[in-house]
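The values are calculated or read from the model by the stated rules, or taken from the named source; none is laboratory data. Note that the structure is a prediction, hence the values are computed from the model and not measured. Virtual Cβ from ideal backbone geometry, glycine too; neighbours counted across all protein chains shown.
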């Protein structure tokens, strides 16, 4: 598969195409840590990287969780701006909890313009296969083609559908397609990043990516740029380092709480006073032998967490291998997770190759908010709203006309 992939790219790499002729396929491999290519021997992904450009790492936004980061990749915005500030959180203004995927039923949770909307609003058809919140009717619109999330859907079906979309007649085929694979993340959570089960999952997805790349270059009659990303990495966690949430001195009549495993978020109820908040903060600070710390105003600001109803009044944070848990001791297990502050274990991958990519460019670690303007430029789309990402960061990757 590697020989076919590289040869196919070399065949088209010397041809220049107008941006309005090119397509972008964005694939997320959930939980694929930056070093899994070598660690778990992903030969096909490595071949694509060698024929294109690979960043030293993809830095997730805070928190390094699945939904906030997938939305940041396709919007160029920090979570405080696009609205999905964690996989699960509380909104003090709405007095409601958000859980993963709630935007499907109520798109007002999202305050943003994802890449598929940007494309559709400018006459470019879009297709998504399981990207988080891609089913939501954001700004009154969905992609032209999308699937309702269904975990058991075979991974190879996703590859087949992407190819089928790109083989549609020109008038109806999409030029921006997103796809998503979850198996690497699932195995990482269950067994930890070093486990042979994770290696098996990586090699399974690697085979599918190799097949996809080969077929993009042999079956599709339009120039396609492939972008491989992951939302975050993975760190090892230990059962004996887990912190019981029941041990925290929190008065539930005064506070709403959300356990995000690597963070514990505390929200004041409507009648809770600043004095109540400060008293609780003091109690938490004074807990003996605690394995967590309180985020400061300064640290949250540095992480682009801005004021608003979805910002907790108190955030308790951990460092691996410690996490928060609601489970009894007999149901706690070693494994893996993400959601910690940015570090190399939390870094994901960014690899891109195709006819519009300058394969001679080099790329250091960068934040995933910069991918959105890069995709827009590849597709010849104009940005329509303010974003946090900077088009200059990935501009060297785009082959000049």
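Before moving on, here are some points about what is shown:
- The helices (runs of 4 or more DSSP H) found entirely in the range 286-401 include none that carry 3 or more residues being outside the structural domain of residue 30 (by TED's automatic domain parsing) and over 28 Å from residue 257 (Cα atoms).
- Meets criteria (surrounded by fewer than 24 Cβ atoms within 10 Å (Cβ to Cβ), within 26 Å of residue 264 (Cβ to Cβ), assigned by TED's automatic domain parsing to the domain that holds residue 375 and at pLDDT 95 or above) for residue 78: yes
- The criterion of being at pLDDT 95 or above, surrounded by 17 or more Cβ atoms within 10 Å (Cβ to Cβ) and farther than 22 Å from residue 381 by Cβ holds for residue 159.
- Pairs linking a residue in the range 193-209 that is under 11 Å from residue 39 (Cα atoms) to a residue that is modelled with pLDDT under 95, with Cβ atoms under 6 Å and 6 or more positions apart or on different chains, do not occur.
- Given (1) surrounded by fewer than 19 Cβ atoms within 10 Å (Cβ to Cβ); (2) modelled with pLDDT of 95 or more, number of the condition residue 150 does not satisfy: (2)
- The listed residues are 279, 246, 275, and the only one of them that is over 21 Å from residue 155 (Cα atoms) and touching a residue at least 12 places away in the same chain (Cβ under 8 Å) turns out to be 246.
- In the range 368-395, residue farthest from residue 76 (Cα to Cα) [restricted to those that are in contact (Cβ under 8 Å) with a residue 24 or more places away in the chain and surrounded by fewer than 17 Cβ atoms within 10 Å (Cβ to Cβ)]: 380
- Some residue of the range 129-141 being under 19 Å from residue 374 (Cα atoms), touching a residue at least 40 places away in the same chain (Cβ under 8 Å) and either outside the structural domain of residue 23 (by TED's automatic domain parsing) or in a loop (DSSP other than H, G, I, E, B) (or both): yes
- Only residues that are in a loop (DSSP other than H, G, I, E, B) and within 26 Å of residue 113 (Cβ to Cβ) were counted across the range 151-172, and they come to 4.
- Residue match in the range 7-29 (condition: touching a helix residue (DSSP H, G or I) at 6+ places or on another chain (Cβ under 6 Å), at pLDDT below 95 and crowded, with 21+ Cβ neighbours inside 10 Å): yes
- Evaluation of residue 123 against (1) in contact with a strand residue (DSSP E or B) (Cβ under 9 Å, 6 or more places away or on another chain); (2) part of a loop (DSSP other than H, G, I, E, B); (3) modelled with pLDDT of 95 or more (one fails), failing number: (1)
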